[in-house]
Amino acid sequence: MEPVQVGLLGLGTVGGGTVNVLKRNAQEIARRAGRGIEITHAAARDINKKRICDTDGIQLTVDPFEVVSNPYVDIVVELIGGDSLALELVMQAIDNGKHVVTANKALIAKHGNEIFAAAQKKGVMVAFEAAVAGGIPIIKAIREGLSGNQIKWLAGIINGTGNFILTEMRDKGRDFADVLKEAQELGYAEADPTFDVEGIDAAHKLTILASIAFGIPLQFEKAYTEGITTITRDDVSYAEELGYRIKHLGVSRKTEKGIELRVHPTLIPERRLIANVDGVMNAVLVNGDAVGPTLYYGAGAGDEPTASAVVADVVDVVRALTSDPENRVPHLAFQADALSDTPILSMDDVETAYYLRMNASDKPGVLAEVTKVLGDHDISIEAIIQKEPEGEKKEASVIMLTHQVLEKNMNDAISKIESLDAIHDQVTRIRMETLSSD
Ligand code: NDP
Ligand code: HSE
């Protein structure tokens, strides 16, 4: 049988990695797929640029539309990024009857509903394993491996750049900007790195995971997003003193009122495996009613780890080319006409425990004032430590851990605390998750 022809859009970190993996492992991949797979065409902005891969034998162009319109291309692999040109190209590819593989989480989280509908109509496949958690086959695990379960919640470290920065800051005391620069050089960061450090990239990925876990349409615009830029070294060390690690987590939980969809820094008990996931590694915890908690771990970014997921998708498409097209695994795990309208909860309705840090005048009665405000809002305290002023400073740092509280109550309490004369600056708050099996 003739090899399947792949047209690549983008020859950067992931595109280059994909060429390398497909070439190096061609024989094994063909044995798995049942057919040879060849990258025959590729598009990049500068076709003379030095690449991490050998492009010999690949027809190069600066016009990506040439690739999606080429009659010989069976599968288009979109690795350009962004959600405008990429959307046009993917829709055009589908319209031309091409199967599509993409690593582009922004594209899927924002336009997936429309893309999947077009693909279904046209009878082509759209695969996006590499869009979430780099090389970890988490989409396949939830969509296929856990399909007997009701998923209760999932929580993950799903941005490699952010985790790399937090780890280097904690372990080596390195500067935020310096580590971010290294993450960019290593090819981990997005074209716009604010997507990584402000949590937007993680929110894209969480949106996709939640849809697959709970059978709801993609609703990126409803995700709550908070980044890592406000975390200080003090918070990291106080959290450790209390037995916790700060991780940037995406959390989605099904409650009676709706589905939580939130990305923010989170205190996690240090004994949890996920609290010890460092560097560019990602990990996703998924709790199903039948299986209980399951943990998936691996490299969350980088050329070949991501290529591993891209190539696996290409193999899936090639296998499906010879099977019943009506009997494919649905894009969002649930049949398209069986998605539910369970609402995404507003952050006000989310309940979590909290870490609070405030700078307070070092005088009697201040703690009593603060605890009264918390008590008035039904917030109970689990632990408290006070750091005495050092040197010339007249303020003490007060650190508290609270029990579960409704976000709305915590917001009200924090604004009351911040208005007390004895409290200086804003109160730092970081949500906490025990991630226990219930
Ligand atoms: P890069 O910036 O390294 O590569 C982008 C590629 O697209 C480059 O080869 C670039 O060409 C090409 N390109 C951009 N615009 C055009 C255009 N108008 N016409 C033709 N070619 C164009 O990005 P990455 O490889 O890092 O990321 C690609 C996708 O994969 C993104 O969606 C990203 O979110 C996702 N992803 C990235 C991961 C990673 O670890 N980097 C991990 C998981 C997903 P040129 O090289 O000539 O400039
Ligand atoms: N910028 C992303 C990250 C790439 O650092 O996780 C992988 O999706």
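Listed values, structure above:
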read-out	value
Under 5 Å, built H, 5+ apart or other chain: amide partners of MET432	LEU267, ALA353, TYR354, TYR355
Student exercise, region 349-432 dipole from Lys, Arg, Asp, Glu Cβ charges, in Debye to nearest 20	100 debye
Interchain or long-range residues, amide H under 5 Å from GLU190's placed H	ASP196
Gyration tensor (alpha-carbon) shape descriptor, region 49-114, a/c threshold 1.5	oblate
Relative contact order %, region 220-335, counting alpha carbon pairs below 8 Å whose residues are six or more apart	16 percent
Nearest 10 degrees, 0 to 90: helix 200-214 Cα axis against the chain principal axis	80 degrees
Charge-dipole axis of the chain as Lys and Arg at +1 and Asp and Glu at -1 on Cβ define it, positive-most pick from GLY145, ILE37, SER340	ILE37
Beta bridge orientation in the chain: antiparallel %, DSSP, nearest 5	70 percent
Region 398-426 and region 135-163: distance between their alpha carbon centers, rounded to Å	33 Å
On Cα atoms only, tilt of 303-321 relative to the major axis of the chain in degrees	50 degrees
Given LYS50/LYS122; LYS105/LYS181; LYS49/LYS222; LYS372/LYS393, the pairs whose alpha carbons are separated by over 28 Å	LYS50/LYS122; LYS49/LYS222
Translational diffusion coefficient (Stokes-Einstein; Kirkwood radius from C-alpha pairs) of the chain at 10 °C, 1.306 mPa s, in µm²/s	69 µm²/s
For peptides 401-410, 50-59, sequence by mean Cβ density within 10 Å, most packed first	401-410, 50-59
Order by protection proxy (mean Cβ within 10 Å, highest first), peptides 20-29, 89-98	89-98, 20-29
Cut-off under 5 Å, modelled amide H: who pairs with MET281 long-range	GLY300
Kirkwood hydrodynamic radius of region 302-415, from inverse mean 1/r over distinct Cα pairs, in Å	19.4 Å
Only Lys, Arg (+1) and Asp, Glu (-1) charged, at Cβ; the chain dipole about Cα centre in debye	920 debye
Contact order relative to length of region 349-432, as percent, for alpha carbon pairs under 8 angstrom and 6 or more apart	49 percent
Mean-position separation - Cα centroids, region 320-375 and region 14-29, in angstrom	38 Å
Region 37-90 - charge dipole about Cα centre, Lys and Arg +1 at Cβ, Asp and Glu -1, debye rounded to 20	260 debye
Anisotropy class of region 49-207 from Cα gyration tensor, a/c 1.5 cut	oblate
Region 349-432: proportion of alpha-carbon pairs further apart than 19 angstrom, %	31 percent
The chain, helix-only ellipticity at 222 nm - DSSP H runs n ≥ 4, -39,500 (n - 2.57), divided by all residues, nearest 500	-10500 deg cm²/dmol
J(HN,Hα) series, region 247-263, from Karplus relation 6.51 cos²θ - 1.76 cosθ + 1.60, nearest Hz, glycine and proline x	10, 8, 10, x, 10, 9, 9, 8, 10, 5, 8, x, 10, 6, 9, 8, 10
Cα convex hull of region 36-83, projected area averaged across orientations, nm²	4.0 nm²
The chain, relative contact order [Cα under 8 Å, separation at least 6], %	16 percent
Euclidean distance between Cα centres, region 171-193 to region 63-126, Å	30 Å
Cα-based shape type of region 19-142, given that a ≥ b ≥ c are square roots of the gyration tensor eigenvalues and the cut on a/c is 1.5	rounded
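Since every read-out is calculated from the coordinates, none of them should be taken as a lab result. What you are looking at is a predicted structure, and each value in this text was computed from that prediction instead of being measured. Note: ideal-geometry Cβ built from the backbone for every residue, glycine included; neighbour counts use all protein chains shown.
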